[in-house]
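Down below is the structure, laid out as structure tokens.
Every number here is computed from the coordinates shown, using simple stated rules; none is lab data. All values derive from a computational prediction rather than experimental measurement. Here the Cβ positions follow ideal geometry from the backbone for every residue, glycine too, while neighbour counts run over all protein chains shown.
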Amino acid sequence: MTSPTPPPGWHPDPGEPGLIRYWDGTQWTEHTQPGTEPTAEESAPTGAAEPGRPARAGVPRAVKIVGGIVAAFVVIGVLGAVFGDDEPFDDSQAAAQSTTSSAAAQETSTPAPSTTTPPATTTVPPTTTTTTTSAVAVVPPAPATYKSDPRCAPANQSLVDLVSSGFSESGLTLTNGTVIDAGDYTYIGGTTLDATGGVENRSDVWVVANGTVYSSTGGARNTTSWPRASSELDVSPGDPEVQAVDACVVDLTR
């Protein structure tokens, strides 16, 4: 019959003569001290030293708990061997108990690792504002409509500039240029504006003959230095063409 394993306690160190080492019931621990084998009261390693004896290394609480558990298993095993079927306490059983005790000690003494997950960092890319310039179609102004006389037509800018070059006061401009082409004569009327954009004369009429401008209506004679059409061309303000152009310009200013 195989002898049972020794009980937990201090025993002579099998590898270091002159030292005693603590046996936890299944394996030798790291706790050693010089001297002889302690008495039963000194069998468990403590942190306090008695007078005349060196201090012993403290035993972790987990090891104590596991040692108690292992001791209980050893006692049960011994009782089973004595009162059971007298099967020897073979090496395989000791190895199984040693493996179970080591796993229990490791599970008891090793705290579960704490995993800290850092908060997710979201990087917002800088916002890029793209300005899209859409081509805006320029719609030309609708041509003037003349209800007074269908012969009236918009005057070209070169003719308006020619008439405007004869203004006797600075700041005056001509707008709503309207013409009636009567062959030898071209009758041109328009609205005269002052320097502030206000209406100086609602409608004035001039006559162009052979590239020369002549003043016809009273406003045209007062605001420009062109010669009079009545004296040079025998065209009076009451002529039908002068009246027709004047009426067309008035229609545009309503």
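Does G190 satisfy the condition of being of a type outside the set (D, E, K, R) and surrounded by 19 or more Cβ atoms within 10 Å (Cβ to Cβ)? Against the criterion (of a type outside the set (D, E, K, R) and surrounded by 19 or more Cβ atoms within 10 Å (Cβ to Cβ)), G190 qualifies. When E200 is tested against (1) in a strand (DSSP E or B); (2) surrounded by 23 or more Cβ atoms within 10 Å (Cβ to Cβ), just one condition goes unmet, and that condition is (2).
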